[in-house]
Amino acid sequence: MITFRIAIRALLKNKLRASLTVLGVVIGIAAVTTMVSVGQSASALIKGQFETLGTNLIMVMPGSSQRGGVRQGTVPSLTSDDAIAIAENCADVLATSPIVGTSGQVIYGNNNWKPKELFGVGPDYLLVRNWDLRLGGFFTEREVGNSDKVCVIGQTIVERLFQTTSPLGETIRIRNIPFRVIGILGTKGANIVGDDQDDVVLMPYTTVRKRLNGSGFNEVHLIMASARTVSNMKSAENEIRNLLADRHRIAPGQPNDFQVQNTTEIANILGVITGSMTAMLAAIAGISLLVGGVGIMNIMLVSVTERTREIGIRMAVGARSRDILLQFLVESVLLSCIGGIIGFALGIAGSTGITMLINAYSTGVDWPVIVSIPAAITAILFAAGVGVFFGFYPARRASQLDPIDALRYE
């Protein structure tokens with residue numbers, strides 16, 4: 001405790017020098033905390049965005065045709081019967097939904113709007129996408145089988161067309177075909193690229209295929225499937241591949257006429273990228289900690305030289321070499337820890353400010369504010385280690401001074 005008080009008094013004698021000494025540590029800790037926190041915010045944003053896509057989502061897409069080794073485009077190889085077969089025969093698949101896309105204006109009264117997404121889907125679409133209904137209901141197998149002209153709309157459609165009117169039971173027109181609104185979707189918000197997920201109209205896929213696209217065939221543009229658990233994703237993919245290869249009579253060794261992808265793999269890849277960028281930025285920021293450590297060592301060497309006579313007096317009255325060593329080490333570590341605490345506070349402010357700035361200038365994407373406490377604690381401990389490492393040589397030099405020579409020093 002006495003050593004600590006002596007260290008405090010020694011630092012307070014030269015406030016400006018002590019402040020400049022800790023500046024490098026402050027910048028280093030603040031930079032590390034800010035960079036890691038922003039990186040973790042980006043990772044959390046990506047994870048959250050992929051979770052909005054659906055529950056353990058697997059996408060089955062048509063394959064591409066090739067001629068002479070050149071890719072020619074997609075082949076309409078998927079049918080709604082494939083989606084039904086996947087749901088019935090793949091044990092690790094919870095639910096499926098065929099997807100049939102279209103486009104067009106949506107009209108209600110004197111208002112019209114062109115949604116980003118006009119989809120024909122199956123009755124289990126909301127389960128696959130992990131999407132809730134705010135009001136009303138969803139269409140059933142019976143309505144799908146009858147190609148009924150019913151629809152469920154997103155929040156953006158409600159705002160654009162209905163304003164103060166309740167949409168439930170109202171009729172909207174798509175390509176002059178009337179559709180009765182039976183449900184309103186819960187809010188999803190924007191996706192990772194800023195597209196509004198609520199700007200959507202959902203209808204039975206049979207209705208879209210027959211009444212809007214004018215197709216008499218059974219093909220679908222996409223099949224969405226949901227695995228029962230995250231751990232079953234791989235086995236669910238393999239089950240889907242094997243089943244569709246058998247249904248499409250794909251000979252062994254021949255390329256499939258479909259593709260199976262899951263969003264978990266994409267999210268993991270993006271997570272690795274953001275993690276690597278965070279680690280790289282943190283490493284670059286950590287260099288300033290080493291620079292700050294060098295500054296501490298230089299100042300402590302100057303302090304030893306200035307206080308040589310004081311050291312001699314302390315040794316003359318009974319202070320041991322290890323007491324002198326401990327005193328200068330405490331001063332060095334104290335400088336580093338003070339810088340670490342100030343840097344941590346600035347890092348919190350910096351990461352919060354950057355996140356708020358991103359949210360202010362980005363459209364629809366809400367970055368979460370995350371303060372990386374483990375990174376901050378690690379940085380502060382590292383700062384203390386820097387103080388010990390760079391303070392040891394000056395402290396050891398002070399402890400090895402000859403008392404008589406130190407007393408004679410002017």
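The numbers here are math on the coordinates, done by the rules we state, and not lab data. These numbers were taken from a predicted model, which means no experiment stands behind them. A quick note on method: Cβ atoms are made from the backbone with ideal geometry, for glycine too, and the neighbour counts reach across all protein chains shown.
For the reader, a short list of remarks on this structure follows.
- A crude spin-label estimate for the pair E170 and N111, with each label 7 Å from Cα along the Cβ direction, gives 0.5 nm.
- The order of E331, E141, E117, E237, going from fewest to most other C-beta atoms within 10 Å of their C-beta, is E141, E117, E237, E331.
- Pairwise FRET efficiency - F389 versus R134, Cβ, R0 = 51 Å, nearest 0.05: 0.30
- Stretchable slack from A279 to N218, in nm (0.36 nm times residue separation minus alpha-carbon distance): 17.0 nm
- Net charge of neighbours whose Cβ lies under 12 Å from the Cβ of R175, counting Lys and Arg as +1 and Asp and Glu as -1: +4
- A full extension of the chain between A44 and S321 corresponds to an added length of 94.5 nm, given 0.36 nm per residue minus the alpha carbon distance.
- Under the Debye formula (equal points on every Cα, no solvent term), log10 I(q)/I(0) of region 76-256 at q = 0.15, 0.17 Å⁻¹: -0.88, -1.08
- Simple Cβ-charge dipole of region 76-256, Lys/Arg +1 and Asp/Glu -1, about Cα centre, in debye nearest 20: 460 debye
- Here H221, H248 are placed in order of increasing Cβ neighbour count within 10 Å, fewest first, which gives H248, H221.
- Charge tally around V150: other residues with Cβ under 9 Å, Lys/Arg +1 each, Asp/Glu -1 each, net 0.
- Residues Y361, Y125 arranged by fewest to most Cβ contacts within 10 Å: Y361, Y125
- Region 184-258 and region 76-138 have Cα centres lying 9 Å from one another.
- Note on D81 and T187: the model spin-label points, each 7 Å out from Cα along the C-beta direction, lie 4.4 nm apart.
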